[in-house]
Amino acid sequence: MVDLIITHTSAEGTLIDGTERGDGTAAILKSNGWRWGRSISAWFVPYSRDRAPKRWVIERTAAALVAEGFDVEVAVDAAPRSEGDAERDRQARSEERAAELTARAATHEQAATNAWEGVQAITDRIPLGQPILLGHHSQAKAERDQERIHCGMGKAISEGERAAELARQASQAAAATEGRNNPITVGNRVERLAADLRKHQRSLALHRASGGGVEQGAGLRLTEAIAHLSNELEFWQGVSSQQLAEGEAGDYSPATVKAGDQVMISGIWRTVVRANPKTVTVETEYSWTDRCPWHKVTDHRGAQGKQS
């Protein structure tokens, strides 16, 4: 049997090397959540790049392959890399995807244009309102023209719709990086990462309290996840701090906002009920109040309407 090597690094994610078409590995890999990457010509575990290794997937896959007679080697490097490098790679992939989708959209748009021109070339030589003359020597040709017109119009419409969809996807890919660095999005990410980190730290503390180690099993998985979350959180906290320093995000807190002031949240001015350490409580158009994290406040004005 062919030797197979399952590897994991933060930069590349989880990959398997040594598979061949028709060797029986495809069904095993699919059943364990792997996907074929056409652009990299390899099987990979989705969402494994710049994440803690999914050891349960790796171990389950290796066991299934060994059970089928394959020799399997596993090499895992769980250390997180620089989150700055990871972000630059994400941006490069988004740009590459946007360029690829734009090129594909152009191809389909040209196909739509060609189809319309083909239809026009046929209709231009048919007199306006000219019916098919049944029994006439021109009947067969007229019917062929009618069929070509019908097929050409259908192709032009379908190719145009496909071009529009690909252009939409290209626009989304191009805007991905800008959206990731929106101050509110960054604030949401910092909040989510901090919550996830606390949850994993609590789980690890309970695991250790029950006598569990960190060299294998749940302890190892939690330790690796904490390392990646800490790495991500530190980076995005730095981005958030830089945005505050450069004025891209508002530095609002109980020190600057008081009850009775107004704050803008999601484009709507809200009257402040309480300025809490982590959130601001605001009035709504209903009988209850809402609480919102400070990073979602985009503007502030005092009770007299003066903006800060």
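The values are calculated or read from the model by the stated rules, or taken from the named source; none is laboratory data. All values derive from a computational prediction rather than experimental measurement. All Cβ positions, glycine included, derive from the backbone under ideal geometry; neighbour counts span all protein chains shown.
So, in the range 251-296, exactly how many residues are assigned to a loop (DSSP other than H, G, I, E, B) and either of a type in the set (S, T, Y) or touching a residue at least 60 places away in the same chain (Cβ under 8 Å) (or both)?
Of the residues in that region, 7 qualify.
Do we have any residue at all in the range 230-238 that's over 30 Å from I58 (Cβ atoms) and either at pLDDT 95 or above or assigned to a loop (DSSP other than H, G, I, E, B) (or both)?
First pass over the range 230-238, keeping only residues over 30 Å from I58 (Cβ atoms): 237-238.
In the following step, the residues that additionally are either at pLDDT 95 or above or assigned to a loop (DSSP other than H, G, I, E, B) (or both) were identified as 237-238.
Within the range 230-238 (the criterion being over 30 Å from I58 (Cβ atoms) and either at pLDDT 95 or above or assigned to a loop (DSSP other than H, G, I, E, B) (or both)), the answer is yes, since at least one residue qualifies.
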Open item on the list: Suppose we filter E59, E73 for residues that are part of a strand (DSSP E or B) and touching a strand residue (DSSP E or B) at 6+ places or on another chain (Cβ under 9 Å); which single one remains?
Closed with: E73
Open item on the list: Here are the criteria: (1) surrounded by 15 or more Cβ atoms within 10 Å (Cβ to Cβ); (2) among the aliphatic types (A, V, I, L, M); (3) under 24 Å from N182 (Cβ atoms). Tell me which single one I268 does not satisfy.
Closed with: (1)
Open item on the list: outside the structural domain of W294 (by TED's automatic domain parsing), assigned to a helix (DSSP H, G or I) and within 30 Å of S266 (Cα to Cα): which single residue out of R144, R189 fits that description?
Closed with: R189
Open item on the list: Just to check your reading of the model, which residue among R104, R51, R81 is assigned to a helix (DSSP H, G or I) and either among the basic types (K, R) or over 23 Å from L229 (Cβ atoms) (or both)?
Closed with: R104
TODO: List the number of the failed condition for L166; all other conditions in (1) surrounded by fewer than 17 Cβ atoms within 10 Å (Cβ to Cβ); (2) in contact with a Lys or Arg (Cβ under 9 Å, 6 or more places away or on another chain); (3) under 30 Å from R104 (Cα atoms) hold.
DONE: (1)
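Among the residues of the range 196-212, is there at least one that is farther than 24 Å from D85 by Cβ, within 26 Å of the chain's Cα centre (by Cα), surrounded by 15 or more Cβ atoms within 10 Å (Cβ to Cβ) and not assigned by TED's automatic domain parsing to the domain that holds V282?
Our first condition is that a residue be farther than 24 Å from D85 by Cβ; within the range 196-212, this holds for 198-199, 201-212.
Checking which are within 26 Å of the chain's Cα centre (by Cα) leaves us with 198-199.
If we keep only those that are surrounded by 15 or more Cβ atoms within 10 Å (Cβ to Cβ) as well, we get none.
There is no residue in the range 196-212 that is farther than 24 Å from D85 by Cβ, within 26 Å of the chain's Cα centre (by Cα), surrounded by 15 or more Cβ atoms within 10 Å (Cβ to Cβ) and not assigned by TED's automatic domain parsing to the domain that holds V282.
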Task: Number of the condition not met by I132 [criteria: (1) part of a loop (DSSP other than H, G, I, E, B); (2) without any contact (Cβ under 8 Å) to a residue 12 or more places away in the chain] - done: (2)
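Against the condition assigned to a helix (DSSP H, G or I) and either in contact with a Phe, Trp or Tyr (Cβ under 9 Å, 6 or more places away or on another chain) or modelled with pLDDT of 95 or more (or both), how does S203 come out, does it pass?
Numbers: assigned to a helix (DSSP H, G or I): yes; either in contact with a Phe, Trp or Tyr (Cβ under 9 Å, 6 or more places away or on another chain) or modelled with pLDDT of 95 or more (or both): yes.
Criteria met by S203.
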Open item on the list: Looking at the range 1-18 only, could you name the residues that are under 17 Å from R60 (Cα atoms), surrounded by fewer than 21 Cβ atoms within 10 Å (Cβ to Cβ) and hydroxyl-bearing (S, T, Y)?
Closed with: T7
- [ ] Considering only the range 26-84, state which residues are on the phi > 0 side of the Ramachandran plot and surrounded by fewer than 19 Cβ atoms within 10 Å (Cβ to Cβ).
- [x] G33, S41, Y47, G69
- [ ] Scan (1) closer than 23 Å to S230 by Cβ; (2) among the β-branched types (V, I, T); (3) out of contact with any helix residue (DSSP H, G or I) (no Cβ under 6 Å at 6 or more places or on another chain) for the single condition V45 breaks and write down its number.
- [x] (3)
